[in-house]
Structure formats: structure tokens, C-alpha cells
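The structure appears below as C-alpha cells.
The values are calculated or read from the model by the stated rules, or taken from the named source; none is laboratory data. Nothing here was measured: the structure is a model prediction, and the numbers come from that model. Note: ideal-geometry Cβ built from the backbone for every residue, glycine included; neighbour counts use all protein chains shown.
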Amino acid sequence: MSNPTVVGLSGNVRSPSKTKSLVTSVVTSISRQYGLTAEVYDLIDVGASLGTAHHASELSPAATAILDKVVAADILVVGTATYKGSYTGLFKHFIDLLEPRALQGKPIVLTATGGNNSHALIIEHQLRPLFGFFAAHTLPTGIFGVDRDFADNEIASEPVRLKIAQIVEEVRPFVAQLAFPAASAAE
């Protein structure tokens, strides 16, 4: 049996980015706390085939591998930059390529970044409904980071660090289910 995974998907096409930094920080914290295998991907990693694909079957092999890792993740951390009050178009396009039940029941941590707090509700008004469509289990705490929360694309904010610590605790029951799946099924 392979080690459970926590996979991060940053819906950004620039590198480095605050969004990927935030996603990576959450993934790393969860991985360290529970000993999970950690993987983080940017839309840059998905490549050019994303822009032309109408169906997942039209993605390049590298892009298909990333899509498969996202679907197979035991815990998924997603993040997007805020663009005109919502997630980026390529992030949504990537998600649109998933089958409707591909993320059913999956624990998902929601994160986003933006220039200022005027876009902070992206998590509640855009991301949570998006993953609700997939019947995913979005964790209660989401993280929205603004420019002042970062220095050189790294988290420099104690409130953001505290939210990451809170999320690490919120995933504990899901990690426990991974460790003892038979016991959870019998309950």
C-alpha cells in the first residue's frame, strides 16, 4: 500500500507566485505533521495542452498525470489568484476537465490570494460552491492571503501561519481515516 498523499494545485501561470507559496506552505505543513507524501503543481506544470483541451482525453501525457494525481490525492489543497473577483480561467478550465464525481467526499483545503481584502470572499462565494458541485468535503477554514502577507513570495504573516496550523488540525480526522480505513468503514 502506498503512502497517503496531500496534493496541492496552484491555479497560477506565473512562477514564482504567492498562490503557489501559500499552497506549498499548507501542503508542507500537513505532510510534516502526518507523514504524508507531498506533491504541489502549478498550472504551468500542466502545460500548453490545457488551453486547447475540450476533454481530459485531449491533455498531454504530463498534464494527464497531474490531473490523475489531483483526483487520486487523499487530501487536496487548491489555490488560485483572484482575477476580477473570481478564480483564474485556466484554473476553472482544469477543474472543468474532471468527471463530476471525481472529487466526491475528498477533503479539500481552499486557499486564494489577492491584492487586498476586497476579494476575500472568493473562498465562500466562488471556491466552496465550485467544489460543492463535485460533492467534495471542503474544510471549514479557508485562507485568503493578500500582498502584505508575503515577502519575496513567502508567507510573512503570523495570522496566515495560524490559519495554516488550524487547517492542519482540521485534516486530522481525515488522516485518521487513512490510517485505519477498515475501522472507519465498520463504524
Residues (basic (K, R) and either over 21 Å from E124 (Cβ atoms) or in contact with a Leu (Cβ under 9 Å, 6 or more places away or on another chain) (or both)) located in the stretch 149-176: R161, R172
Unique residue being surrounded by 14 or more Cβ atoms within 10 Å (Cβ to Cβ) and modelled with pLDDT under 95 when the list is D74, D45: D45
Those residues of the stretch 10-42 which are crowded, with 20+ Cβ neighbours inside 10 Å, closer than 24 Å to N116 by Cα and either in contact with a His (Cβ under 6 Å, 6 or more places away or on another chain) or among the hydrophobic types (A, V, I, L, M, F, W, C) (or both), in sequence order: L22, V23, V26, V27
Check on A62, of a type outside the set (D, E), surrounded by 14 or more Cβ atoms within 10 Å (Cβ to Cβ) and touching a residue at least 12 places away in the same chain (Cβ under 8 Å): no
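One line per residue, one yes/no per condition, for (1) farther than 18 Å from S31 by Cα; (2) of a type outside the set (K, R); (3) at pLDDT 95 or above:
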site	(1), (2), (3)
A135	yes, yes, yes
R161	no, no, yes
R172	no, no, yes
F180	no, yes, no
S184	yes, yes, no
